[in-house]
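I have placed the structure first, in the form of structure tokens, so that the comments after it can refer back to it.
Rule-based calculations on the coordinates, nothing more; no lab input. The structure presented is a predicted model; accordingly, all values stated were derived computationally and were not measured. Here Cβ is always computed from backbone atoms with ideal geometry, including for glycine, and neighbour counts include all displayed protein chains.
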Ligand code: ADE
């Protein structure tokens, strides 16, 4: 999968997506993440990309010309059949695991990160971007939301997770919160690992994990049922 990010802070995207599993996948060539600086497409002498809103009001808006020039240029970098453009915004549809799976089935994502009070509405019309939110709260910009989306969608792309890491996705308790897990030592500060996990009976372990997943989900996220 190829992901292009249109942003005022390309270093932020590169740093966050250069670490851990996503960083490894990029180095292995399984996932391409390229951040593009919208300022490079400003005609302004001082590389400004924002302006005051028509009709008055507080704050500044990202202007259409530099954002759309950046988008047009980035779009030409690849020609992949399933390409989807997303604008990260608290007004958007909230990202879920189910929607992340759909996004992972695309060949290419183009992510637009807003800043200031918002963007000129015509940018959405020109790019056909879908608005996606990562949760019902407001961030100072779309970059952290883009990184969350890249992490969440990226790990579902074939070849990004090792087979060991993949195991979790096929968990017996899919759709529920994960059961508790333990590693050595067997007793830590007087807290012992549940017996069933030490006895080597795989069927009993499976049943215990399923029951624990149900218990955790009922207690912490009853809305998932
Ligand atoms: N930009 C600002 N807040 C956001 C949010 N909650 N989700 C996505 N993008 C955002």
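Quick rundown of the values:
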{"item": "Cα-based helix-to-principal-axis angle, 202-220 vs the chain, degrees rounded to 10", "result": "50 degrees"}
{"item": "C-alpha long axis of helix 64-75 to longest principal axis of the chain, angle in °", "result": "60 degrees"}
{"item": "Rh by Kirkwood over Cα pairs, then Stokes-Einstein D for the range 71-212 at 1.306 mPa s and 10 °C, µm²/s", "result": "86 µm²/s"}
{"item": "For the range 1-141: rounded, prolate or oblate by the Cα gyration tensor [a/c cutoff 1.5]", "result": "prolate"}
{"item": "Nitroxide proxy distance, nm - points 7 Å out along Cα→Cβ at residue 137 and residue 163", "result": "3.9 nm"}
